[in-house]
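Reading through the structure tokens given below for one structure.
Here, each number is a calculation from the coordinates, and none is a lab measurement. The shown structure was predicted, so the numbers you read here are calculated from the model rather than taken from an experiment. With ideal geometry, Cβ positions are generated from the backbone for all residues, glycine too; neighbour counts draw on all protein chains shown.
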Amino acid sequence: MARHDLVIALRDLAILLTGVVGGGQLLMLWVVSTAANRTPPAESLRLHQVIMSTDLPDRYIQPAGILSFITGAVLLAVGPRHAIDVTLIVIGMASIIGIAILTRAVNRPINRRLGTWTDANLADYPAERRRWDRSHAVRTALGMLGFAAYIALASH
């Protein structure tokens, strides 16, 4: 495979992988979080426990994010050296780092705590849920930023 073809294939792979990451997060934000916030606290907590406290979405989002980061690193090594190309790749990679930091520092610890809660903790759930939602909204924005950066990279 010629170097040019490899770069094109890697850019396409980066778009696919960041699309999985950003799209998965968007689904969680617009559908799952919206549904959870429209249900009574006890039902919302159970939904959170079943979906997020079990890391169900991370079974595909996390590997896609890791592969996206690696793909970006390979693109930096073999791709064009134009400033705009490097900038767009770094944005894509940085978005994954930002998502990982927020996941490990905010969302996953909340998921772990909520996974152990019972109805006795329901009074505290709405505040924890808002904190989770705010952090997840930032993760979603980062995921979509990375996706947009790789689309822009492939489009010029």
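Below, the figures for the structure above:
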item: Qualifying residues in region 37-57 (those that are part of a helix (DSSP H, G or I) and touching a residue at least 40 places away in the same chain (Cβ under 8 Å)) - the one surrounded by the most Cβ atoms within 10 Å (Cβ to Cβ); result: L45
item: Hey, I110 closer than 22 Å to L17 by Cβ and out of contact with any Pro (no Cβ under 7 Å at 6 or more places or on another chain) or not; result: no
item: Those residues of region 72-102 which are of a type in the set (D, E, K, R) and buried (at least 16 other Cβ atoms within 10 Å of the Cβ), in sequence order; result: D85
item: Whichever residue in region 15-36 is over 14 Å from the mean Cα position of the chain (by Cα) and surrounded by 21 or more Cβ atoms within 10 Å (Cβ to Cβ) and, among such residues, is nearest to T103 (Cα to Cα); result: S33
item: Among (1) outside any helix (DSSP H, G or I); (2) free of Cβ contacts under 8 Å to residues at least 24 places away in the same chain - the single one W117 does not satisfy; result: (2)
